[in-house]
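The values are calculated or read from the model by the stated rules, or taken from the named source; none is laboratory data. Note that this is a predicted model, so its numbers are computed, not measured. Glycine gets a Cβ as well: all are built from the backbone with ideal geometry, and neighbour counts include every protein chain shown. Please note that ligands, DNA and RNA were not included when accessible areas were found on the heavy atoms of the full protein model with its side chains. Shrake-Rupley method; radii C 1.70, N 1.55, O 1.52, S 1.80 Å.
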Amino acid sequence: GWGGGFFITFFFGAVTWRTSILIGRELNGDPRPGHSFDDNPYKSPIVPGSSANARMRKPLNTFPDIARESFGEKGCIVLSSVLYFELFSCLSIFFVSLGDHLSTLFPEVSETKHMCIVAIVLTVPTALLRTPRLLSYLSAVGTFATVAVVLAVVASAASAGDITDMLAERYNKLEDTPHHIMWRTSGLPLALGLIAYAFSGHAIVPSIYSSMKRPQDFEKMVDITFLIVIVCCSLVAVAGYYMFGTFVEDQITISLAKAGTAPQLAMDMLTWLMILTAFSKFTLTMFPLALGLEEIIAPYVPTETAMEVASSLIKLVLIALALAVAIFFPSFSFLCSLVGLICTMIVSVIFPAGAHLVLFGERLPLWEKAIDWLFVIGGSIMAVVGTIATV
């Protein structure tokens, strides 16, 4: 509904904005804002803890570094497991997205067959490559496709307006009124998981932070980024729900394609863009997951040739398992919500706040400690209750 959707979007956007900043401060090694320091934390000549103006701890580089520094080696293993599970789940989500969009273009073929064709014809040859360097250029397509989708949804809503009555007549659901609601409590757990998945991505924050020329500007960059994301999400939410109401599909591009309010050629081009985006993201997401598994078995593989064979086998097995999950759970919204509630709550809410408490607890004011504890306890409750309600 209007109220529930806006509440969860802005609430979880604010929470993940805060935890992104917490991760930046954990990487910086100090609970104070990054702009309080003039130098790069990785090149600073000042020894941590040597003075009041020095950083409290040594700067960190990766998510596992934060976990190891905060919770020891066991905490690092647990967090790595959650990250790998999130990556694997994303593979299944990309399979479902590919199947949904291909089924829109070629409805005579089932979604399951589409997913199998994608796995065999497109994904397998790419997975056998040892590096995704060439495919990394496709990541720019994701940004272009996102802008195209936002503009397409807003333009369609402006031109077509509210088409819920037409859709109700088409689907023989004229008695299902109203088509726009203000609040539906039963839909909140699923919506929370979907929004959580949309605001996930904290796992790449350390890579962004450490690669910045001026890490001390990280928090300013986070403010601008979250503002843009919130605006884009709000535009799509308002335009999409106003246009389709309760008839909206799991993926807005599918709703646009089925509605028939836009030129067919334009919709086909937009759908192919989404297919290309999902395909490139699948390959780039699988690479770090496969690389992590390769590092685990590397000590037991005797030769380089055997390692190449093992690498290809790992990727093939990952594709097969992800395809099986996608076929068994073909609901895009269900998978996104489940991953959002389990993985995103841990990686993007509970862990950053918990690590902030452990690393800087003695230097934190009472209000910051209260917020951290609220994130840890509230995130745990929402993850458990939301997962049970969704399943």
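Numbers for the structure displayed
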| item | result |
| --- | --- |
| Charge context of residue 271, other residues only, Cβ under 12 angstrom, K/R +1, D/E -1 | -1 |
| Cβ-defined net charge surrounding residue 221, 12 Å radius [Lys, Arg +1; Asp, Glu -1] | 0 |
| Percentage relative contact order, the chain, counting C-alpha pairs under 8 Å, at least six apart | 33 percent |
| Anchor residue 213: aspartates and glutamates whose Cα lies under 17 Å away (excluding residues fewer than 8 positions away in-chain) | 38, 39 |
| Restricting segment 171-210 to chymotrypsin sites (Phe, Trp or Tyr not before Pro) in coil, as DSSP defines it, with at most 10 other Cβ within 10 Å | 171 |
| The chain - accessible surface per residue (Å², probe 1.4 Å) | 49 Å² |
| Label of the coordinate-derived value, percent of Cα pairs over 37 Å apart, listed as (i) 36; (ii) 27; (iii) 24 | (ii) |
| Summed residue charge, Cβ within 13 Å of residue 97's Cβ, Lys/Arg positive, Asp/Glu negative | -3 |
| Positive dipole terminus of the chain, leading residue within 232, 279, 211 (C-beta point charges) | 211 |
| Packing rank of 12-23, 266-277, where each peptide gets the mean count of other beta carbons within 10 Å, highest leading | 12-23, 266-277 |
| Residues residue 151 and residue 298, FRET efficiency given R0 of 35 Å [Cβ-Cβ distance, rounded to 0.05] | 0.15 |
| GNM top mover of 71, 218, 328 - the chain, alpha-carbon springs below 10 Å | 328 |
| Principal-axis tilt of helix 304-328 within the chain, Cα atoms, nearest 10 degrees | 50 degrees |
| CD proxy at 222 nm, helix term only [per DSSP H run n ≥ 4: -39500 (n - 2.57); per residue of the chain; nearest 500] | -23000 deg cm²/dmol |
| Cβ-based charge dipole, the chain, positive-most Cα from 82, 365, 192 | 365 |
| Span from the segment 199-257 Cα centroid across to the segment 265-292 one, whole angstrom | 17 Å |
| Segment residue 61-residue 316, extension gain: residue separation times 0.36 nm, minus the distance between their alpha carbons | 88.7 nm |
| Sites residue 385 and residue 54 - FRET efficiency at Förster radius 35 Å, r taken between beta-carbons, to 0.05 | 0.25 |
| Rounded tilt (10° steps) of 218-244 against the dominant C-alpha axis of the chain | 20 degrees |
| In degrees, nearest ten, helix 63-105 long axis to first principal axis of the chain (Cα) | 20 degrees |
| Shape category assigned to segment 257-391 from the gyration tensor of Cα positions, a/c cut at 1.5 | oblate |
| Heavy-atom accessible surface of the chain: percent carbon and sulfur, 1.4 Å | 69 percent |
| Highest average packing first - 338-344, 50-56, 163-169, Cβ atoms within 10 Å | 338-344, 163-169, 50-56 |
| Computed magnitude of the charge dipole of the chain (debye, nearest 20; Cβ of K, R +1, Cβ of D, E -1) | 720 debye |
| R0 of 41 Å, Cβ-Cβ distance residue 231-residue 44: FRET efficiency to nearest 0.05 | 0.70 |
